[in-house]
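Each remark here refers to the structure printed beneath this line.
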Amino acid sequence: LTQSESNREPVAKEEEDSGEEEDGDSESTNEDSDCVNKCSEGVKKNCRSEKQSAAALCISVGSFSDPANLPGLAHFLEHMVFMGSEKYPAENGFDAFLKKHGGSDNASTDCERTIFKFDVQRKYLREALDRWAQFFIGPLMIPDAVDREVEAVDSEYQMAQPLDSNRKEMLFGGLAKAGHPMSKFFWGNAQTLKNEPREKNIDTYEHLREFWRRYYSAHYMTLAVQSKETLDNLEEWVREICIKIPNNGQPRADFSDLQDPFDTPDFNKLYRVVPVRKIHALTISWALPPQGKHYRVKPLHYISWLIGHEGAGSVLSLLRKKCWALALFGGNSESGFDQNTTYSIFSVSITLSDEGFHNFFQVIHIVFQYLKMLQSVEPQQRIYEEIQKIEANEFHYQEQMEPIEFVANICENMQLFPKEDFLRGDQLMFEYNSEVISAPLTLLTPATANILLLSPEHDGHCPLNEKWFGTQYSVEDIPEEYRDLWAGDFPLNPDLHLPAENRFIATDFTLKTSDCPDTDFPVKIIDNERGRLWFRKDNNLVLFDLFVNILAHNLAEPAYDADVAQLEYMLFPGDHGLFIRLKGFNHKLPLLLNLIVDHLANFSTAPNVFSMYIEQLKKTYYIILIKPDRLGRDVRLQILEHHRWSVMQKYEAIMADLGVTDLMDFVNRFKAELFVEGLIQGNFTSAESKEFLQYFIEKLQYKAPPAEPPVLFRVVELPQTHHLCKVQSLNKADANSEVTVYYQVMVMTALIKLKECEDTQLGEEVDRNWFEVVTQQYVFDRLNKEIEVLKNVTKDELVSFFMEHRHTSSRKLSIHVVGFGEKEKETHGDDQSSSSSESQDTGRKTSSYGDVSKLIFLPAAPVLAKASRITDIRAFTSSLNLHPYHKILQ
């Protein structure tokens, strides 16, 4: 039980957000120059004092315990227990209660644990706890709900199918020896939970009840609750709940005796896989003895820190210099599949360039050379203590989590660590132990590795299919040349070595004395003619994307030490400007900003790096377009926002013949005329903040633009009728469809109580303030004003507004992206085969999976026959009026 702090400054989460509204419904005008150098007097009382209460319960049972004849039963039970209880029989009563009182709930099933969680307004916590507890005391689980919830589970399975991470996990699990739970199908679907059981006369419902009686027992459960209530109150409420939950006293499921999931490592084999996304990726994995008991040392964290390092002497540094790789992840994800009581997975996953794919055996060899180097030098106490200091800094100065996430984390920790480490066992490195680190490190050898290679170039060359997700794959022998090399005493690589000391680790946490009167909201402390980092609109946003990607590539190695020292930075190519966002301990943050500005000022690129990112951006655009929700958004914004470059247009543009000279010409023009605007929030003085802007001016030597460009798009005025744009999904392997209905109304409404919830992390407040800056509206107290306005909105006014805008003359736009489910395939007709590896209109190769350079428009369903179809977006939008730029100032 934890008490929330009742008096503290609001703080909040970091989001990768440019600050621009999705549909451009807020526009900008010139900044208000009258507010320069003004600090508001006094401190306004923050009205956003409401804090959510939350609870989470973890049960030490998961999908490893599924019966062999009912795959997915644990996941299915997680759904079924929430379908009403004996005390509160309404099927969706709990969800309705939470929504009414500003709350939410969720649940998840892992391999050995299942977690349920919810949050709600504080004054409704006791009633929410009582309603929630009934799902574990006396759930109804009525037979009539079985088929409906099977469909819900099946829907989650369908949504999971197009994700390569899930496909790779299922394929890897399928390599396990017979009888090992790693090989089970955890998701469950209509086939395993309904169709096959009926054919085999298996009573799914009875097995469900038995699973609940056997495993949903109090002695398997841990509960965490957070609220502003007194501890006495919380203890009383929780005691009332816990005493009623059944306790069958049976021993919990134990899989620890199974250990190694593989009979014999198949070192001589290479597994090739066809991914959904158009990427080349290499994964080298080892199944190690379970490492959970070594949480005080965290040996895999030490090893992953080094294998995933991106500084000089690292694997990724060498691969980047060869233009063979774009990213590398090394370690254990700490999911139930990667870390459980039977084994711990250690993986090295590398995103390869085209060149890297063609040299993947040499990439594997570099990884093996690095691991051999680590084994030869043994664990280093200096490096361990450096990591230990960074993790301690992050733990002691971490921002508060959302209550619902915090309690979910704690209730799981209560299953894993002794009481004294419930709050810290998963984060801190407590003690250096060379022997504990060496034990798993010595097992990371070529002879025990599993090698998996993903590439779209494997399409059509993989004769095998994974049972559940249909992943195409093949198995082949490792060439004798590499098999002999890795079996012997191969030499080390002189370019691979341990990292140097990290100069970015913060050591000074002194709070600065303010040199400006305290205010609730940001104030403008400097203004001149060169003040906002807006990029002058160019006719090729692809060059801008290339520029930012290559700038990030150039920074990757020199800024890596900052990254691991908890100094975060993000470079984001917005539609109207370059966004640079930094976050972390203030002590060394200026050092990181200067590093970024230096690389911006001295930007250059080599032809091989340029070519690598051209290919990578093609893949990035492709991956966006094959996702139904992203394609739907792209089509909608292409219709609504004037002059927006759609992702499909970017994909077309990048297929053109671009060169390094084109990029450098663009960058030089970009840097010549700029306007920098920034927001500094945190432990800095106003004097220090001014130095940041001055560094931009001195290093970049830019001129002010002749005219200030707009910061958002103008939006078309839709006709007063219903329009439909129905297109075919660009991914034939995805059965999912997507529907968006857009009503064009300039209005902002929301739940008052959600807006009144105080921030849990500094980033939430920064996000709001940054939105005001980039949209040039500067209404920093907008949220408080919205709350006051919303309190005066009546139900009748809201209903009247809704009815007014839902009639036949509403400005309504429907976007349908139709997937390739069994029923949907019937509507596609001949269009299913119209895409090929060769684009019919250009004669060039676009994708081994199909043509994503054009939309295929589909006819409306009979129920929407009266809607006006859009089959030519440019022709439709060219005849429409544009809304003027606007912004809400008060």
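Couple of notes before you dig in:
- Taken over the stretch 89-109, the criterion of being under 30 Å from Tyr343 (Cα atoms) and surrounded by fewer than 20 Cβ atoms within 10 Å (Cβ to Cβ) is satisfied by Asn106, Ala107, Ser108.
- Whichever residue in the stretch 783-792 is touching a residue at least 40 places away in the same chain (Cβ under 8 Å) and open to solvent by less than 70 Å² (accessible area, probe 1.4 Å) and, among such residues, is farthest from the chain's Cα centre (by Cα): Leu790
- Apart from one condition, Gly460 fits all of (1) among the small types (Gly, Ala, Ser); (2) open to solvent by less than 50 Å² (accessible area, probe 1.4 Å); (3) under 29 Å from Leu163 (Cα atoms); the exception is (2).
- Residue pairs whose Cβ atoms lie under 6 Å apart, separated by 6 or more positions or on different chains, with the first residue in the stretch 360-381 and within 16 Å of Arg320 (Cβ to Cβ) and the second aromatic (Phe, Trp, Tyr) and open to solvent by less than 10 Å² (accessible area, probe 1.4 Å), do not occur.
- Filtering Glu385, Glu391 for residues that are part of a helix (DSSP H, G or I), among the charged types (D, E, K, R) and open to solvent by 50 Å² or more (accessible area, probe 1.4 Å) leaves a single hit, Glu385.
- Residue that is farthest from Phe255 (Cα to Cα), among those in the stretch 66-88 that are open to solvent by less than 30 Å² (accessible area, probe 1.4 Å), small (Gly, Ala, Ser) and assigned to a loop (DSSP other than H, G, I, E, B): Gly84
- When residues in the stretch 130-175 are screened for being charged (D, E, K, R) and closer than 30 Å to Tyr473 by Cα, 7 of them pass.
- Selection count, the stretch 239-254, where residues are closer than 30 Å to Pro143 by Cα and part of a helix (DSSP H, G or I): 3
- The set of residues in the stretch 172-190 that are assigned to a loop (DSSP other than H, G, I, E, B) and of a type in the set (A, V, I, L, M, F, W, C) comprises Leu175, Ala176, Ala178, Phe185, Phe186, Trp187.
So that you can scan it fast, the table gives a plain yes or no per residue for (1) in the same structural domain as Ala672 (by the TED database); (2) β-branched (Val, Ile, Thr); (3) open to solvent by less than 10 Å² (accessible area, probe 1.4 Å); (4) part of a helix (DSSP H, G or I):
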| position | (1), (2), (3), (4) |
| --- | --- |
| Val548 | yes, yes, yes, yes |
| Leu555 | yes, no, yes, yes |
| Pro558 | yes, no, no, no |
| Ala562 | yes, no, yes, yes |
| Leu571 | yes, no, no, no |
| His587 | yes, no, no, no |
| Leu591 | yes, no, no, yes |
| Leu595 | yes, no, no, yes |
| Ile624 | yes, yes, no, yes |
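- Within the stretch 626-656, if we keep just the residues that are part of a loop (DSSP other than H, G, I, E, B) and touching a helix residue (DSSP H, G or I) at 6+ places or on another chain (Cβ under 6 Å), the residue that is most open to solvent (accessible area, probe 1.4 Å) turns out to be Trp645.
- Subset of the stretch 741-768 [more than 22 Å from the chain's Cα centre (by Cα), of a type outside the set (Phe, Trp, Tyr) and modelled with pLDDT of 85 or more]: Val741, Gln744
- Residues that are among the β-branched types (Val, Ile, Thr), in contact with a Leu (Cβ under 9 Å, 6 or more places away or on another chain) and not in a helix (DSSP H, G or I) were ranked within the stretch 203-236; the one that is surrounded by the most Cβ atoms within 10 Å (Cβ to Cβ) is Val225.
- Residue within the stretch 294-304 that is at pLDDT below 95, among the charged types (D, E, K, R) and not assigned by the TED database to the domain that holds Ser63 present: no
- Which numbered condition Arg113 fails, given (1) open to solvent by 10 Å² or more (accessible area, probe 1.4 Å); (2) under 23 Å from Lys194 (Cβ atoms); (3) not aliphatic (A, V, I, L, M): (2)
- Just one of the listed residues (Lys194, Lys200) is open to solvent by less than 50 Å² (accessible area, probe 1.4 Å), assigned by the TED database to the domain that holds Arg239, basic (Lys, Arg) and at pLDDT 95 or above, and it is Lys194.
- Annotation note: Cβ proximity below 6 Å between a residue of the stretch 702-731 that is within 30 Å of Val863 (Cβ to Cβ) and part of a strand (DSSP E or B) and a residue that is open to solvent by less than 40 Å² (accessible area, probe 1.4 Å) and of a type in the set (Ser, Thr, Tyr) (sequence gap 6+ or interchain) occurs for Val716/Thr877; Leu724/Ser814.
- Selected residue (criterion: modelled with the highest pLDDT) from residues of the stretch 794-842 that are open to solvent by 40 Å² or more (accessible area, probe 1.4 Å) and among the hydrophobic types (A, V, I, L, M, F, W, C): Val799
- The stretch 793-826, subset within 29 Å of the chain's Cα centre (by Cα) and of a type in the set (Val, Ile, Thr), residue nearest to Tyr742 (Cα to Cα): Ile815
- Hits in the stretch 368-380 - residues which are within 30 Å of Asn413 (Cα to Cα) and surrounded by fewer than 18 Cβ atoms within 10 Å (Cβ to Cβ): Gln380
- Where a residue in the stretch 659-676 is among the small types (Gly, Ala, Ser) and its partner, wherever it lies, is buried (at least 16 other Cβ atoms within 10 Å of the Cβ), with Cβ under 7 Å and at least six apart: Ala672/Tyr702
- Evaluated against (1) within 17 Å of Leu543 (Cβ to Cβ); (2) touching an Asp or Glu at 6+ places or on another chain (Cβ under 8 Å); (3) charged (D, E, K, R), Arg633 falls short on exactly one condition, (1).
- Residues (at pLDDT 95 or above, of a type in the set (A, V, I, L, M) and not in a helix (DSSP H, G or I)) located in the stretch 399-422: none
- Qualifying positions in the stretch 473-521 - open to solvent by 50 Å² or more (accessible area, probe 1.4 Å), touching a strand residue (DSSP E or B) at 6+ places or on another chain (Cβ under 6 Å) and either over 30 Å from Pro446 (Cβ atoms) or assigned to a loop (DSSP other than H, G, I, E, B) (or both): none
The values are calculated or read from the model by the stated rules, or taken from the named source; none is laboratory data. Keep in mind the model is a prediction, meaning the values are calculated, not measured. Please note: Cβ atoms are built from the backbone with ideal geometry, for glycine as well, and neighbour counts cover all protein chains shown. Surface accessibility is based on the protein's heavy atoms, side chains included, excluding ligands, DNA and RNA. Shrake-Rupley method; radii C 1.70, N 1.55, O 1.52, S 1.80 Å.
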